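Beneath this line is the structure, given in structure tokens, with notes to follow.
The values are calculated or read from the model by the stated rules, or taken from the named source; none is laboratory data. Please read all numbers here as calculations on a predicted model, not as lab measurements. Cβ sites come from the backbone with ideal geometry, for glycine too, and all protein chains shown count toward neighbours. Only protein heavy atoms, including side chains, enter the accessible area calculation; ligands, DNA and RNA are left aside. Shrake-Rupley method; radii C 1.70, N 1.55, O 1.52, S 1.80 Å.
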Amino acid sequence: DITHLRRLAKRKGVKLNMLMCYAIVRAASEFREFYMLPVGDKLMEFDHLAINTIVRTADGGINTCDIPYSKDIHTFAADYLRITEEATRSTTDITLGDDYMVIGSSALTKCELDSVVNVYAGYWNNPFAVWGKYRKGWFRTTLPLSFQFHHTQMDGAHATRFLNSVQREIDTLRT
């Protein structure tokens, strides 16, 4: 249920995608599992979190860009706007480097979806959240969210707690 988030985005004139990214990475910051990433036969631990988003480039292509997590939403929003703008003008992806555990995200806002299946290739084991077009009802707006994770990193109970935490962040977010 993204009713609060959609209203907040409209009222404050901020991007809904930015608020979704913030809610996801803010919720993830409370879970030790999100600071871990399976790499080969090891489980690497990171000190910092980021969320990756995809932007359309000026020439019609796409770039990905990593947005560092900041507990302060104003800092996160400023970074989001600066980095996504840079990525739209760039010919390459914008990455933060090896100090960050990056949560993948993709907003497929031109289609309705209930889930996304992505095959892990061994080199992209990061948790991944995908959403499509939101659905407006009479009194609320919903957004199906597909969440994938590596079972070395967490199990279903962790994922359930995380998704409930994302909903709490969405419901209580203030700018």
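Quick check: anything in segment 146-167 free of Cβ contacts under 8 Å to residues at least 60 places away in the same chain, over 18 Å from residue 51 (Cβ atoms) and open to solvent by less than 30 Å² (accessible area, probe 1.4 Å)?
The answer is no, given that none of the residues of segment 146-167 is free of Cβ contacts under 8 Å to residues at least 60 places away in the same chain, over 18 Å from residue 51 (Cβ atoms) and open to solvent by less than 30 Å² (accessible area, probe 1.4 Å).
With respect to the numbered conditions (1) surrounded by 18 or more Cβ atoms within 10 Å (Cβ to Cβ); (2) part of a helix (DSSP H, G or I), which one is the sole condition not fulfilled by residue 51?
Against the list (1) surrounded by 18 or more Cβ atoms within 10 Å (Cβ to Cβ); (2) part of a helix (DSSP H, G or I), residue 51 comes up short only on (2).
List the number of the failed condition for residue 80; all other conditions in (1) open to solvent by 20 Å² or more (accessible area, probe 1.4 Å); (2) touching a strand residue (DSSP E or B) at 6+ places or on another chain (Cβ under 7 Å) hold.
(1)
Anything in segment 27-45 that is under 16 Å from residue 148 (Cα atoms) and among the aliphatic types (A, V, I, L, M)? List them, or say none.
27, 28, 36, 37, listed by residue number.
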